[in-house]
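Report on one structure; see the data block that follows.
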Amino acid sequence: MKFETRSEKDAKRFRRSDFYRLVRQYEAEAKKSPSAYRMKVIGIALGGYAFILGFMLLVAGLLALLIHRNVTAGFSYWMIGGYAVLGLLAWTIVRGILLPFPFPFAFELDLAGFPMLKRTIRDVKKKLKIWRMPRVLIVDEFNAFAMSRPWFGLVGPSRHYIALGLPLLHALNVEELSAVIAHEMAHLSRAHGRWSGWIHRLRVTWFELLHRLGRSWIGRFLLLPFARWWWGYFEAATVVMERQQEIEANEIASKAVGRDLVAQALARTEVVSRCLVAEYWEEMWQRSAREAHVPASLVTMLGRRVTKQLDSEQVSETLIRVMGDHTSIGSTHPCLRDTLSALDYLTGSEDSDRARVLARLSGRTREVAAHELMPKGLDQASQVFDQLWRQFLTPVWEVRNRQGIQFRELMLELDELWKSKGSLPAGKLWRRAWLTREFYGEEKALPLVRQVLDIDARHPLANLVLGRTLLERNDAEGADYVFNAMESDPALQGEGQRLLADFYRREGLTEAAEGLEFGAMDAEDALDQANEERLEKIRARDEFLPHELPEETVEDLRELLSGIDDVKRVFLVRKKTEHLPELPFYVIAIVPRIGRFAKDRLDRLRALEFDASVRIDFASSHRLLILGNGTWWLRRALRKVAGSEIWSSRRSR
């Protein structure tokens, strides 16, 4: 009997490069014949339904045969297993199919109380020749979208909705908002809402089904291979279809409100999202490490931030990055350049195109749509969204804040060590730079990053951070640092090649960028396989090797363990891996003093994994194990490795 190796199993998966080629193929088909392509998407979707139906009929048939055998030949104990397996299969699929169709948390506006907004929507509706007035929702996202919901769950006439993000209303003026409304109503005019709703429902169903099959050994064996294969084709087909719908909606909206206004609204949304929204959430991330409580008015503060008037220099710098982007492989929305090109808005000259967009954005009035159309109508929504976000983020914020306390303690330790010795080795100096970046942002950490490279010019993460920063500033010197990072650490191949591809594309080197993108996809596939392998259960039959870490790193680990009374001994080894063997995988195995101990002690020991990742420079992936009862064979295998026992409570005495 021939068993499949891990490599043969992995080869059956849908690789990123194959998905990319499939998307390109479908884009060409959609461009050549949109109606034929739509029928193809329907066929692929119905193929998924046919598979589920066929498998359910097979399970029902087998169950009927089992019951017939039970009735005619009498009961046997083996039938219990048959009933259990068939019932588990049926339950797994039924649970995946019977999912509630999610409705966003939102406020529905009574347009009678907002006459100016109602007039704006009515004007657009009239131009688009839509007979039914959509309902308007206010959501907490920096986004807008259209959707349709059948009255009777899955069937019947649909209710049409337009969802407008509260922060978005603070970023756009009235004319720009009318362009956004025209875009979303264009989706409704072409039944995109109903069509996208069906596709979205199918996508959610299959995503949940894949998740459930992955957790069931029966599902993994019988259903997951087909499900993964079909999902790749379905995802590629729907990505192209939704991009096509976005371009079609822009064309319809431009006929209603004008091409220039649609382009202006799209550019404004993208620039504010990149510049102000991203800046705001980065600031909140840094504050979570310093402050104990979540700010009381997160959404309100975001609304004030996006209302801020950007100066021409900020807009120009952001436009250079935005206009240099390209549509990512799995994105359902085209990038800004592709969107404006589809509108025939670009001339072909990058400088003149940027100047034209910049002129449109610089001419905006300061009065925003939220103030002009709904001067007093959004207070309640803001308060509820603030409260909701505070409740949602509080657990994450508390964990982050506890980490921040540990970070500050480590920063003080490193600063005292630096002061006493006059310098720090590269590993500890990198941790100091990383902590500065966590607390105060990348700009303030760059001087320390450069100092790390002065000590160790091949340090992979320092090279990557500095290279990424320089490339984002369109400084070609950053490419050398990124190449150094990729050569020093195979795990950085995917991220490094994507950074270089984005830079080369902005420089007009499309062919070189395309090659780097394929290289990045292959590297990311290899890293995914390596990570999955490293997440598998560690067993005594695995092959373990001496760790070969520098003594300084081992000493740091011993120092970390010396203050914990519950630890009896610690093993440190390197596990031999099939995927990315050049990327070491370290195993830290802790033997507690007793086989069973209180939950609080277990929590303290598990907290070691976080401490080890922050305080110790492993320069690679690692895993922490707590060896309780029933791990004798694994302890024996670890003990056989030369130099594996790095700490013992007896020796420490």
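The values are calculated or read from the model by the stated rules, or taken from the named source; none is laboratory data. Note that the coordinates shown come from a computational prediction; the quantities given were computed from them, not determined experimentally. A quick note on method: Cβ atoms are made from the backbone with ideal geometry, for glycine too, and the neighbour counts reach across all protein chains shown. Remember, those area values only see protein heavy atoms, side chains included, never the ligands or the DNA or RNA. Shrake-Rupley method; radii C 1.70, N 1.55, O 1.52, S 1.80 Å.
Rg over Rh for region 311-404 works out to 1.13, using Cα positions for both radii and the Kirkwood form for Rh. Between Asp351 and Gln403, the FRET efficiency from the beta-carbon distance, with R0 = 45 Å, is close to 0.50. Accessible area ranking (1.4 Å probe, heavy atoms, ligands and nucleic acids excluded), largest first, for Ser648, Ser297: Ser297, Ser648. Sticking with the crude label model, points 7 Å out along Cα→Cβ, report the distance from Glu536 to Glu582 in nm, one decimal please. Placing both labels 7 Å beyond Cα along the Cβ direction yields 2.2 nm. Scoring 320-331, 170-181 by mean Cβ neighbours within 10 Å over their residues and listing the highest first yields 170-181, 320-331. In region 436-552, the convex hull through the Cα atoms has an average projected area of 9.7 nm², a quarter of its surface area. Sorting 74-82, 284-292 by average packing, meaning the other beta carbons within 10 Å per residue, from highest down gives 284-292, 74-82. 3J(HN,Hα) along region 139-149: 10, 9, 9, 8, 6, 8, 7, 10, 8, 10, 10 Hz, from the Karplus curve 6.51 cos²θ - 1.76 cosθ + 1.60 with θ = phi - 60°, whole Hz, x for Gly and Pro. Label-to-label distance, His333 versus Arg635, with points set 7 angstrom from Cα along the beta-carbon direction: 5.6 nm. Counting 0.36 nm for each residue step from Glu413 to Ser362 and taking away their Cα separation leaves a gain of 13.5 nm.
Putting +1 on Lys and Arg Cβ atoms and -1 on Asp and Glu Cβ atoms, find which of Gly508, Gln497, Met521 reaches farthest to the positive end of the dipole of region 409-548. Highest projection toward the positive end goes to Gln497. Each of Trp633, Trp418, Trp229, Trp430 has its accessible area taken with a 1.4 Å probe; listed largest first, they run Trp633, Trp229, Trp418, Trp430. Decide, for region 326-477, between rounded, prolate and oblate: order the square roots of the alpha carbon gyration tensor eigenvalues as a ≥ b ≥ c, take rounded if a/c falls under 1.5, and otherwise choose prolate if a/b is larger than b/c, else oblate. Judged from the Cα gyration tensor, region 326-477 comes out oblate (a/c at least 1.5, b/c at or above a/b).
Each of Gly303, Leu378, Leu346 was placed along the dipole of region 266-382 (beta-carbon charges, centred on the mean Cα), and the one lying farthest toward the positive end is Leu378. Between the amide H of Ile626 and those of Ile590, distances stay under 5 Å, these residues lying 5 or more places away or on another chain, with hydrogens modeled in the peptide plane.
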